[in-house]
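The values are calculated or read from the model by the stated rules, or taken from the named source; none is laboratory data. None of these values were measured; they are calculated from a predicted model. As a convention, Cβ positions derive from the backbone with ideal geometry for all residues, glycine included, and neighbour counts pool all protein chains shown.
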Amino acid sequence: MKRPLVVEFVKMNGSGNDFIVVDNRFYAFSEDELGTLAARYCPRRTGVGADGLLAFEEATADGHDFRMRYRNADGSRATMCGNGARCLAAFARAAGQTANPLRFETDAGVYRAEVAEGGTRVRLFVPPPERFTAAQALATAAVPGGTAPSFIWTGTEHVVCFVDGEAQADLATWAPALRHDPSLAPAGANVNAVHATVDTASDDRPVLRVRTYEKGVEAETLACGTGALASAVTARLQGHIGTDTAHVDMPGGRLTVGWAWEDGHVADLYLEGAVERVFRGTLEVYL
């Protein structure tokens, strides 16, 4: 009988977005094996339960501190996960990486992260968004309020729908059709329902309330880092907010998004929020 490989992992979450984290410097799991592990252990009730699996790896280029690989809960490859990247930066600090900011490789490019003392809060600096389309032409008609959603790439693909109240937005009903809309093929897109409130926080920053349906998870998640980025930048570009920083309240907690304008373009974009190490465990893996 084949003996199992005992794999140590850490369960982490960033504003409710939860992950299985594996130190792949030791295990050297292949791309296919990482996908198999994610599909097997991310499902809730039958597995550990997570929105995705993060692999911490050695950097491939000088000047970088580590490499991040990410797999969605269904095992599919994702180029980027904002909250996952923040969690992995905190994991890297606990693993002995001392640089601040940390520079690390992802399938969406090279990112930087500042880890606060104690490792419980991380600011992730991300490349400028791409492919913004104010009114994305879709085959799907079931859009809340009949408004055309926007499209933007913030490390992965997103459509952003502004609704009267995100709490009333029935994502389970209408988001799957948008996520699979033919105009977004082959990658598809995450779907964000955004309510631009008139509220401001104690620091006078505007507050956006956002819910996100994520591809690869094929369900609503408690938070989505790239979704927070997409929602805040789109809100600014479309005039829903008038500042260059905003709080994004998601079901799992608050994230903060900020940026600067350079010649009419977004620069120095960042995502900031809390991270948490929930527990450490082991799995008996047969591959």
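Taking the residues in segment 222-253 that are of a type in the set (S, T, N, Q) and surrounded by fewer than 24 Cβ atoms within 10 Å (Cβ to Cβ) as candidates, determine which candidate is nearest to Ala135 (Cα to Cα).
Checking each candidate, the answer is Gln238.
Going by the structure shown, is Glu130 charged (D, E, K, R) and over 22 Å from Gly227 (Cβ atoms)?
Taking the combined requirement at face value, the residue does not satisfy it.
Among the residues of segment 75-97, count how many are closer than 15 Å to Thr120 by Cα and out of contact with any Phe, Trp or Tyr (no Cβ under 9 Å at 6 or more places or on another chain).
Qualifying residue count for the region: 4.
Quick one: count up the residues across segment 53-71 that are under 21 Å from Pro129 (Cβ atoms) and within 12 Å of the chain's Cα centre (by Cα).
Qualifying residue count for the region: 1.
Are any residues in segment 36-63 over 14 Å from Glu218 (Cβ atoms), surrounded by 15 or more Cβ atoms within 10 Å (Cβ to Cβ) and of a type in the set (Asp, Glu), and if so, which ones?
Hit for segment 36-63 is Glu57, nothing else.
Please count how many residues of segment 1-39 are in a helix (DSSP H, G or I) and free of Cβ contacts under 8 Å to residues at least 12 places away in the same chain.
So the count comes out to 2.
Could you check how many residues of segment 192-202 are in contact with a strand residue (DSSP E or B) (Cβ under 8 Å, 6 or more places away or on another chain) and free of Cβ contacts under 8 Å to residues at least 40 places away in the same chain?
So the answer is 5.
Might you let me know whether segment 221-243 holds any residue that is assigned by TED's automatic domain parsing to the domain that holds Arg179, part of a strand (DSSP E or B) and not aromatic (Phe, Trp, Tyr)?
Yes, there is a match, as at least one residue in segment 221-243 is assigned by TED's automatic domain parsing to the domain that holds Arg179, part of a strand (DSSP E or B) and not aromatic (Phe, Trp, Tyr).
Quick check: anything in segment 64-81 of a type in the set (Ser, Thr, Tyr), surrounded by fewer than 18 Cβ atoms within 10 Å (Cβ to Cβ) and in contact (Cβ under 8 Å) with a residue 40 or more places away in the chain?
Yes, segment 64-81 has at least one match.
Which of the residues that make up segment 158-205 are touching a helix residue (DSSP H, G or I) at 6+ places or on another chain (Cβ under 9 Å), surrounded by 14 or more Cβ atoms within 10 Å (Cβ to Cβ) and in a loop (DSSP other than H, G, I, E, B)?
Hits for segment 158-205 are Val163, Ala169, Gly188, Ala189.
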